[in-house]
Amino acid sequence: MKRQNIPKEISSLITEEEIIIFQELQIKIEELNNKTNLTRLINGDDYWISQVFDSIWPFKTFPNINFDNKKFLDIGSGCGFPGLAYAITHPTSEIFLIDSSKKKTEALKILVNEINFKNSIHIINDRIENLAHQSSMRNSFDIATTRAVSNPSTVSEYILPMLKKEGLGVLYCGKWTDEDSKNLDKTLDTLEGKFKEKKKILLPRSKGTRNIVIVQPINFCPEIYPRKVGKPEKNPL
(Lines give C-alpha, C1' and ligand atoms only; values in the text may rest on other atoms or scores of the structure.)
Protein backbone atom coordinates (compact mmCIF):
# COMPACT_ATOMS: atom_id res chain seq x y z
CA MET A 1 0.00 0.00 0.00
CA LYS A 2 1.34 3.43 -0.94
CA ARG A 3 2.33 5.43 2.13
CA GLN A 4 0.39 8.66 2.48
CA ASN A 5 1.73 11.85 4.00
CA ILE A 6 0.52 11.08 7.52
CA PRO A 7 0.32 14.10 9.88
CA LYS A 8 3.10 13.97 12.49
CA GLU A 9 0.46 14.35 15.21
CA ILE A 10 -0.88 10.93 14.19
CA SER A 11 2.44 9.16 13.68
CA SER A 12 3.53 10.18 17.18
CA LEU A 13 0.33 8.80 18.72
CA ILE A 14 -0.02 5.33 17.13
CA THR A 15 2.17 2.55 15.72
CA GLU A 16 3.15 1.94 12.11
CA GLU A 17 1.00 -1.20 12.08
CA GLU A 18 -2.02 0.80 13.28
CA ILE A 19 -1.42 3.47 10.63
CA ILE A 20 -1.56 0.78 7.93
CA ILE A 21 -4.95 -0.45 9.21
CA PHE A 22 -6.26 3.13 9.31
CA GLN A 23 -5.14 3.52 5.68
CA GLU A 24 -7.06 0.35 4.75
CA LEU A 25 -10.10 1.69 6.60
CA GLN A 26 -9.87 4.99 4.73
CA ILE A 27 -9.77 3.21 1.34
CA LYS A 28 -12.75 0.99 2.21
CA ILE A 29 -14.84 3.91 3.50
CA GLU A 30 -14.06 5.83 0.31
CA GLU A 31 -15.22 2.85 -1.77
CA LEU A 32 -18.46 2.62 0.22
CA ASN A 33 -18.92 6.39 -0.04
CA ASN A 34 -19.17 6.01 -3.81
CA LYS A 35 -22.31 3.89 -3.32
CA THR A 36 -23.84 5.46 -0.23
CA ASN A 37 -22.99 8.74 1.47
CA LEU A 38 -21.44 7.83 4.85
CA THR A 39 -19.16 10.78 5.62
CA ARG A 40 -17.56 13.80 3.99
CA LEU A 41 -14.49 13.51 6.27
CA ILE A 42 -12.47 11.09 4.18
CA ASN A 43 -9.48 12.92 2.65
CA GLY A 44 -6.29 14.41 4.09
CA ASP A 45 -6.60 16.17 7.45
CA ASP A 46 -10.38 15.68 7.40
CA TYR A 47 -9.74 11.96 7.82
CA TRP A 48 -6.48 11.86 9.78
CA ILE A 49 -7.29 14.67 12.22
CA SER A 50 -11.07 15.11 12.34
CA GLN A 51 -11.74 11.36 12.30
CA VAL A 52 -8.70 9.36 13.43
CA PHE A 53 -6.87 11.73 15.80
CA ASP A 54 -10.10 13.04 17.31
CA SER A 55 -11.33 9.50 17.96
CA ILE A 56 -8.21 8.15 19.64
CA TRP A 57 -6.61 11.00 21.58
CA PRO A 58 -8.94 10.65 24.61
CA PHE A 59 -7.74 7.08 25.13
CA LYS A 60 -4.12 8.27 25.13
CA THR A 61 -4.51 11.28 27.40
CA PHE A 62 -5.81 9.95 30.73
CA PRO A 63 -2.75 8.11 32.11
CA ASN A 64 -4.62 7.10 35.27
CA ILE A 65 -7.24 5.12 33.29
CA ASN A 66 -6.61 1.71 31.70
CA PHE A 67 -8.61 1.48 28.46
CA ASP A 68 -7.29 -1.95 27.37
CA ASN A 69 -9.11 -5.29 27.45
CA LYS A 70 -12.55 -3.75 27.93
CA LYS A 71 -16.12 -4.35 26.79
CA PHE A 72 -16.65 -1.22 24.70
CA LEU A 73 -19.86 0.35 23.36
CA ASP A 74 -20.04 3.07 20.70
CA ILE A 75 -23.51 4.65 20.48
CA GLY A 76 -24.32 6.22 17.11
CA SER A 77 -21.19 4.78 15.53
CA GLY A 78 -21.87 6.12 12.02
CA CYS A 79 -19.06 5.01 9.71
CA GLY A 80 -17.05 3.71 12.66
CA PHE A 81 -15.64 6.64 14.60
CA PRO A 82 -14.70 6.44 17.39
CA GLY A 83 -15.62 2.73 17.64
CA LEU A 84 -13.43 1.20 14.93
CA ALA A 85 -10.62 3.64 15.72
CA TYR A 86 -10.66 2.47 19.34
CA ALA A 87 -10.73 -1.15 18.11
CA ILE A 88 -7.55 -0.62 16.08
CA THR A 89 -5.64 0.88 19.01
CA HIS A 90 -7.11 -1.51 21.63
CA PRO A 91 -7.11 -4.94 19.94
CA THR A 92 -7.83 -6.87 23.16
CA SER A 93 -11.20 -5.16 23.72
CA GLU A 94 -14.61 -6.50 22.67
CA ILE A 95 -16.45 -3.93 20.56
CA PHE A 96 -20.18 -3.18 20.15
CA LEU A 97 -21.16 -0.66 17.47
CA ILE A 98 -24.74 0.63 17.66
CA ASP A 99 -26.49 2.77 15.06
CA SER A 100 -30.15 3.34 14.23
CA SER A 101 -29.35 3.75 10.51
CA LYS A 102 -29.54 0.47 8.58
CA LYS A 103 -27.41 1.99 5.83
CA LYS A 104 -24.63 2.69 8.30
CA THR A 105 -24.73 -0.66 10.10
CA GLU A 106 -24.62 -2.47 6.74
CA ALA A 107 -21.55 -0.41 5.82
CA LEU A 108 -19.96 -1.22 9.19
CA LYS A 109 -20.48 -4.94 8.57
CA ILE A 110 -18.63 -4.65 5.24
CA LEU A 111 -15.76 -2.76 6.88
CA VAL A 112 -15.43 -5.33 9.66
CA ASN A 113 -15.57 -8.23 7.20
CA GLU A 114 -12.97 -6.79 4.85
CA ILE A 115 -10.43 -5.45 7.35
CA ASN A 116 -8.46 -7.75 9.62
CA PHE A 117 -9.48 -6.45 13.03
CA LYS A 118 -8.17 -8.49 15.96
CA ASN A 119 -11.20 -7.71 18.14
CA SER A 120 -14.51 -9.44 18.46
CA ILE A 121 -16.83 -6.81 16.92
CA HIS A 122 -20.64 -6.81 17.12
CA ILE A 123 -22.79 -4.49 14.99
CA ILE A 124 -26.38 -3.77 16.01
CA ASN A 125 -29.00 -1.80 14.07
CA ASP A 126 -31.35 -0.43 16.73
CA ARG A 127 -32.08 2.56 18.94
CA ILE A 128 -30.17 2.78 22.19
CA GLU A 129 -33.45 3.63 23.96
CA ASN A 130 -34.59 0.09 23.10
CA LEU A 131 -31.32 -1.75 23.68
CA ALA A 132 -30.81 -0.19 27.10
CA HIS A 133 -33.87 -2.03 28.42
CA GLN A 134 -32.58 -5.45 27.34
CA SER A 135 -31.09 -7.34 30.27
CA SER A 136 -28.28 -8.72 28.10
CA MET A 137 -27.09 -5.17 27.30
CA ARG A 138 -27.92 -3.03 30.32
CA ASN A 139 -25.19 -2.43 32.95
CA SER A 140 -22.74 -4.61 31.01
CA PHE A 141 -20.10 -2.28 29.52
CA ASP A 142 -16.76 -1.04 30.82
CA ILE A 143 -16.68 1.92 28.42
CA ALA A 144 -19.42 3.66 26.43
CA THR A 145 -18.86 6.53 24.00
CA THR A 146 -20.85 8.98 21.92
CA ARG A 147 -19.44 11.34 19.30
CA ALA A 148 -21.45 13.83 17.25
CA VAL A 149 -24.72 12.39 18.56
CA SER A 150 -26.40 15.01 20.78
CA ASN A 151 -25.93 17.29 23.78
CA PRO A 152 -24.16 16.03 26.94
CA SER A 153 -27.36 15.64 28.99
CA THR A 154 -29.08 13.57 26.30
CA VAL A 155 -26.13 11.29 25.64
CA SER A 156 -25.62 10.75 29.37
CA GLU A 157 -29.14 9.31 29.46
CA TYR A 158 -28.04 6.91 26.72
CA ILE A 159 -24.71 6.00 28.32
CA LEU A 160 -25.26 5.63 32.08
CA PRO A 161 -27.79 2.74 31.85
CA MET A 162 -25.31 0.73 29.77
CA LEU A 163 -22.37 0.91 32.18
CA LYS A 164 -21.19 -1.50 34.82
CA LYS A 165 -20.88 0.01 38.30
CA GLU A 166 -17.18 0.68 37.67
CA GLY A 167 -17.71 1.64 33.99
CA LEU A 168 -16.85 4.95 32.32
CA GLY A 169 -18.75 7.10 29.84
CA VAL A 170 -16.63 9.07 27.35
CA LEU A 171 -18.50 12.09 25.96
CA TYR A 172 -17.04 13.94 22.96
CA CYS A 173 -18.08 17.60 23.07
CA GLY A 174 -17.14 20.67 21.07
CA LYS A 175 -17.49 23.88 23.04
CA TRP A 176 -18.06 23.61 26.77
CA THR A 177 -19.70 26.27 28.95
CA ASP A 178 -20.60 26.71 32.63
CA GLU A 179 -24.20 26.17 31.57
CA ASP A 180 -23.29 22.82 30.01
CA SER A 181 -21.57 21.85 33.24
CA LYS A 182 -24.61 22.78 35.37
CA ASN A 183 -27.02 20.94 33.07
CA LEU A 184 -24.83 17.83 33.07
CA ASP A 185 -24.51 17.82 36.87
CA LYS A 186 -28.31 17.99 37.17
CA THR A 187 -28.75 15.15 34.67
CA LEU A 188 -26.13 12.95 36.31
CA ASP A 189 -27.79 13.44 39.69
CA THR A 190 -31.05 12.11 38.23
CA LEU A 191 -29.27 9.17 36.57
CA GLU A 192 -27.29 8.20 39.69
CA GLY A 193 -24.04 9.18 38.03
CA LYS A 194 -21.23 11.65 38.57
CA PHE A 195 -18.68 13.74 36.70
CA LYS A 196 -15.18 12.24 36.88
CA GLU A 197 -12.84 14.27 34.70
CA LYS A 198 -12.65 16.64 31.71
CA LYS A 199 -9.89 17.50 29.26
CA LYS A 200 -9.80 20.09 26.50
CA ILE A 201 -7.52 20.38 23.47
CA LEU A 202 -7.29 22.34 20.26
CA LEU A 203 -7.27 19.73 17.51
CA PRO A 204 -4.20 19.95 15.24
CA ARG A 205 -4.34 21.68 11.84
CA SER A 206 -6.99 24.18 13.05
CA LYS A 207 -9.70 21.51 13.25
CA GLY A 208 -11.42 23.11 16.24
CA THR A 209 -11.83 22.71 19.98
CA ARG A 210 -12.60 19.36 21.58
CA ASN A 211 -13.65 18.63 25.15
CA ILE A 212 -13.75 15.10 26.52
CA VAL A 213 -15.94 14.57 29.56
CA ILE A 214 -15.65 11.35 31.58
CA VAL A 215 -18.71 10.32 33.61
CA GLN A 216 -19.36 7.26 35.76
CA PRO A 217 -22.16 5.61 37.72
CA ILE A 218 -22.56 6.02 41.47
CA ASN A 219 -25.28 3.37 41.54
CA PHE A 220 -27.12 1.53 38.79
CA CYS A 221 -29.20 3.96 36.73
CA PRO A 222 -32.95 3.97 37.60
CA GLU A 223 -34.79 1.51 35.37
CA ILE A 224 -37.04 4.11 33.72
CA TYR A 225 -34.02 5.57 31.88
CA PRO A 226 -33.46 6.02 29.05
CA ARG A 227 -36.98 7.18 28.28
CA LYS A 228 -38.84 6.16 25.12
CA VAL A 229 -37.37 6.82 21.67
CA GLY A 230 -37.00 10.55 21.01
CA LYS A 231 -37.71 11.76 24.56
CA PRO A 232 -34.08 12.21 25.69
CA GLU A 233 -33.39 14.27 22.54
CA LYS A 234 -36.54 16.42 22.70
CA ASN A 235 -36.60 16.89 26.47
CA PRO A 236 -33.14 16.55 28.05
CA LEU A 237 -33.20 15.92 31.79
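Quick notes
- Of the residues making up region 111-166, those that are small (G, A, S), at pLDDT 95 or above and within 14 Å of the chain's Cα centre (by Cα) number 2.
- When D54, D68 are screened for being crowded, with 22+ Cβ neighbours inside 10 Å, under 16 Å from the mean Cα position of the chain (by Cα), among the acidic types (D, E) and at negative phi, only D54 passes.
- Evaluation of K28 against (1) over 24 Å from N125 (Cα atoms); (2) in contact with a helix residue (DSSP H, G or I) (Cβ under 6 Å, 6 or more places away or on another chain) (one fails), failing number: (1)
- Qualifying positions in region 19-51 - surrounded by fewer than 18 Cβ atoms within 10 Å (Cβ to Cβ) and acidic (D, E): E24, E30, E31, D46
- Count of region 9-49 residues which are in contact with a Gly (Cβ under 8 Å, 6 or more places away or on another chain) and in a helix (DSSP H, G or I): 2
- Tally of residues being of a type outside the set (D, E, K, R) and within 18 Å of L168 (Cα to Cα) across region 38-80: 18
- Among the residues of region 199-237, just one is polar (S, T, N, Q), assigned to a loop (DSSP other than H, G, I, E, B) and either farther than 15 Å from S150 by Cβ or touching a residue at least 12 places away in the same chain (Cβ under 8 Å) (or both), namely N219.
- Of all residues in region 195-214, exactly one satisfies the criterion of being exposed (fewer than 13 other Cβ atoms within 10 Å of the Cβ) and among the charged types (D, E, K, R), namely K200.
- Count of region 153-177 residues, restricted to those that are surrounded by fewer than 16 Cβ atoms within 10 Å (Cβ to Cβ) and farther than 16 Å from I65 by Cα, is 3.
- Within region 126-152, the set of residues being among the polar types (S, T, N, Q) and under 26 Å from N64 (Cβ atoms) comprises N139, S140, T145, T146.
The values are calculated or read from the model by the stated rules, or taken from the named source; none is laboratory data. Computed from a predicted structure; not experimentally measured. FYI the Cβ positions are ideal-geometry reconstructions off the backbone, even for glycines, and counts take in every protein chain you see.
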